[in-house]
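So the structure is just underneath, and the comments pick up after that.
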Amino acid sequence: MFIFHLTKYTYLRVCVTCLQLLYLELPELYHDVRTYTSVYFEKGGIMKILIINGSPRTKGVTATVLHMMEEELVSRGADVEFVNLSEIKMSHCLGCCRCYTTGHCCIDDDAEVLSKRIADADGIVLGSPTYASNVSGLMKDYIDRGHFVIEQLLHGKYCITMATGENYGNGDVLKILNNLVLFSDGKRSAKIKITVPFGDTNTVRKNTKEIISRSAAKLILGIKNKKIYPIQMVCHFVIFNLGIKPFVKKKQDTYRGVTEKWESMGIG
Ligand SMILES: Cc1cc2nc3c(=O)[nH]c(=O)nc-3n(C[C@H](O)[C@H](O)[C@H](O)COP(=O)(O)O)c2cc1C
C-alpha cells in the first residue's frame, strides 16, 4: 500500500516536472529573447515594469540585485521604474477593512499611489531581504496596504520574486512572495533566491549576473507573448473560485469596493 502511494506520488511529481519543463523552460531554450523584444517595440508597445525594493537599505544586497535586474530590463527596451519602499511615505495598515467597501484606503499616502502604479504596469519585480525567515517589515507593511489578494491587484501582471539572505530562511521569503503573486492573480515568470554574507554586494555582482539576465529575459518574453503558466493558472482558478470569490460574495454590500474593482478588470 505504502509503495503504491509512493509510486503515485512520484508519478505525479514526474508529471508536474514535465509540465513545468514543457511550458516554463523549453520556449526559452529555442527563442532569442532580444529578437522578440525588438518585434514588440516595432509594434509600438511600451513595456512598463515596476521594481519594488523591500529592504530598508537602498545600497544593500537586495537593492544591488534589483538594480542589476533594472539594467537588464532597460537593455531589453523596457520602461522601468525603481521604488525603494524605505523612501516612500507609508503608514501601517489600521485593519479597519473600509477599503473593501470604498475601494480605496482611508490613509491617503504613497502606498495608494504605488498600487495604482502596479495596476498600470505590465510587469512587477518584488524583492525582499530575509528578516527572521520572513519578508522585511517594510515589505509586510506594503503587502498589508497594497490591495493585493482580495482585490486581485496583480491580475494579468507578469512578475519576478526575489529574496536575499545570508543563512537560512530566504526560501520561506520566496514562498511568501510567490504565494502573494499566485493569490493576487499574477503570473510568475521567474523566482530568484540569493544567499550571500550580509552586505557582500561584490559577490552578488560577480555571481548573479547569469540568473538575473535569464530571469529578466523570461519576464520580457512572458509579457511579450502573453505567456500562460498552466500550473499557476489552475492553482489560481481553484483559490479564487473556491476561496476568495465565495467569501467576497457572502459579504455582499460590505465588499462592494472589491466587486466593483473586479468588474472594472473583467473578473468575478
Ligand atoms: C533584522 C534582520 C534579520 C535577519 N534575519 C535573517 C534570517 O532569518 N535569515 C537569513 O538568512 N538572513 C537574515 N538576515 C540577513 C539579511 O536577510 C541578508 O543579509 C540580506 O541580504 C540583507 O539585505 P540588504 O543588504 O538588502 O539589507 C537578517 C538581517 C537583519 C537585519
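No value in this document is a laboratory result; all are computed from the given coordinates. In this text the structure is predicted, and so the values were computed from the model without any measurement. Virtual Cβ from ideal backbone geometry, glycine too; neighbours counted across all protein chains shown.
What is the extension gain from residue 200 to residue 88, computed as 0.36 nm multiplied by their sequence separation minus the C-alpha to C-alpha distance, in nm to one decimal?
37.8 nm
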Exercise. Suppose every K and R has +1 on its Cβ and every D and E has -1 on its Cβ; what is the size of the dipole of the range 112-268 about the Cα centre, in Debye to the nearest 20?
Worked result: 480 debye
